[in-house]
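Sending over a structure as structure tokens; questions will come in a sec.
The values are calculated or read from the model by the stated rules, or taken from the named source; none is laboratory data. Remember, it's a predicted structure, so these values are computed and weren't measured experimentally. Note that we place each Cβ from the backbone using ideal geometry, even for glycine, and neighbour counts take in every protein chain shown. Keep in mind that these areas ignore ligands, DNA and RNA; they rest on the heavy atoms of the full protein, side chains included. Shrake-Rupley method; radii C 1.70, N 1.55, O 1.52, S 1.80 Å.
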Amino acid sequence: RPGASGETFAFDHEGRLLSQSRFDDQLRRLGILTNAPEASSALNLVLRDPGGDLTRGFQWPQPDRAEAPLMALVAKALTESNGVQVLPDRDYRGVPVVGAWHWIDEHQFGVVTKIDASEAFQPLRVLRWIFQILILLILLAAVSGIIAVHISATWRRRFDEAQLRARQLGQYTLIAKIGEGAMGS
């Protein structure tokens with residue numbers, strides 16, 4: 001049970017949960033399990049996709065839950081033997097999850113390890129945030145460089161103009177320095 005939402009569970013060829021879910025209390029609140037305190041998800045829950053996130057108020061669209069398809073990770077385990085899914089798909093609570101599956105043919109049961117996509121991709125959000133800050137810093141440095149080059153060019157032009165004015169002495173133009181001594185140049 002890694003993190004706040006990760007879990008590993010076993011299921012049979014019909015998609016029936018063989019081990020207990022870490023979300024039994026939540027499943028009772030959602031009405032998927034009976035409200036009896038001793039009710040367990042093990043052997044009582046078929047891992048079906050409700051079609052939407054039940055934890056956010058979604059209601060099962062059909063009155064007969066047995067008509068709903070199995071959740072994607074379980075369905076893939078029954079057809080593909082083993083694999084990994086990194087694109088989020090709904091679990092039996094309707095919450096988008098990512099995970100891995102393996103069907104153990106000799107024992108006729110499968111195992112799924114899953115975690116909520118929001119928790120699984122949390123480090124990616126931090127990396128995106130850091131990347132955006134770095135891009136902004138690079139843009140800021142580029143704009144600062146352009147402004148510095150513009151200011152430098154402006155001062156260089158003013159210096160050249162001042163130097164040219166300094167060489168003009170009335171109607172005469174100073175071409176070269178003749179010499180210098182103790183009293184002047």
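Restricting attention to segment 1-49, which trypsin sites (Lys or Arg not before Pro) occupy a DSSP loop and are surrounded by at most 13 other Cβ atoms within 10 Å? Numbers along the way, then the final one.
On the way: sites: Arg16, Arg22, Arg28, Arg29, Arg48; in loops: Arg22.
Of the trypsin sites (Lys or Arg not before Pro), not one in the loops of segment 1-49 has a Cβ with at most 13 other Cβ atoms within 10 Å.
Provide His150, His102 ordered by accessible surface of protein heavy atoms (probe 1.4 Å), highest first.
On the way: His150 125, His102 80 Å².
Solvent-accessible surface, decreasing: His150, His102.
At most 15 other Cβ atoms within 10 Å and a DSSP loop assignment: could you name the chymotrypsin sites (Phe, Trp or Tyr not before Pro) in segment 14-110 that fit? Could you put the intermediate results ahead of the total?
Values: sites: Phe23, Phe58, Tyr92, Trp101, Trp103, Phe109; in loops: Phe23, Phe58, Tyr92.
Taking segment 14-110 and a limit of 15 other Cβ atoms within 10 Å, the loop chymotrypsin sites (Phe, Trp or Tyr not before Pro) found are Phe58.
Now, a different point. Taking 8 Å as the Cα distance limit and 6 or more residues as the minimum spacing, I'd like the relative contact order of segment 65-166 as a percentage. List each step's numbers first, then the result.
Values: 88 pairs, mean separation 16.9, N = 102.
This gives 17 percent for segment 65-166.
Taking only C-alpha pairs under 8 Å that are 6+ residues apart, what is the relative contact order of the chain in percent?
Numbers: 247 pairs, mean separation 32.3, N = 185.
Rounded, it is 17 percent for the chain.
If Rh is defined by the Kirkwood formula over all Cα pairs and Rg also comes from Cα, what ratio Rg/Rh do you get for segment 77-124? Can you show the working numbers first?
On the way: Rg = 11.8 Å, Rh = 11.4 Å.
Radius of gyration relative to Kirkwood radius: 1.04.
Contour minus end-to-end for Arg125 and Ile178, with contour as 0.36 nm per residue of separation and end-to-end as the Cα-Cα distance? The partial results should precede the final answer.
On the way: separation 53, 0.36 × 53 = 19.08 nm, distance 7.11 nm.
Full extension from Arg125 to Ile178 adds 12.0 nm.
Let a ≥ b ≥ c be the square roots of the eigenvalues of the Cα gyration tensor of segment 1-93; is it rounded (a/c under 1.5), or, if not, prolate (a/b larger than b/c) or oblate?
On the way: a/c = 1.40, a/b = 1.25, b/c = 1.12.
Rounded shape, in that the Cα axes give a/c under 1.5.
With no solvent and one equal point scatterer placed on each C-alpha of segment 104-185, evaluate the Debye formula and give log10 I(q)/I(0) for q = 0.16, 0.20 Å⁻¹, two decimals.
Debye intensities relative to I(0), on a log10 scale: -0.89, -1.01.
Let me ask something else about it. Along each of the three principal axes of the Cα atoms of segment 28-144, give the extent in whole Å, ordering the values from largest to smallest.
65, 37, 27
Hey, if we sort Ile32, Ile146 by accessible area with the 1.4 Å probe, largest down, what's the order? Intermediate results must be reported in sequence, preceding the final value.
Values: Ile32 35, Ile146 120 Å².
Accessible-area ranking of Ile32, Ile146, largest first: Ile146, Ile32.
Accessible area of Asp64, 1.4 Å probe, to the nearest 10 Å²?
80
Using the alpha-carbon atoms, what tilt in degrees (0 to 90, nearest 10) does helix 122-167 show relative to the longest principal axis of the chain?
On a 0 to 90 degree scale, this one is about 10.
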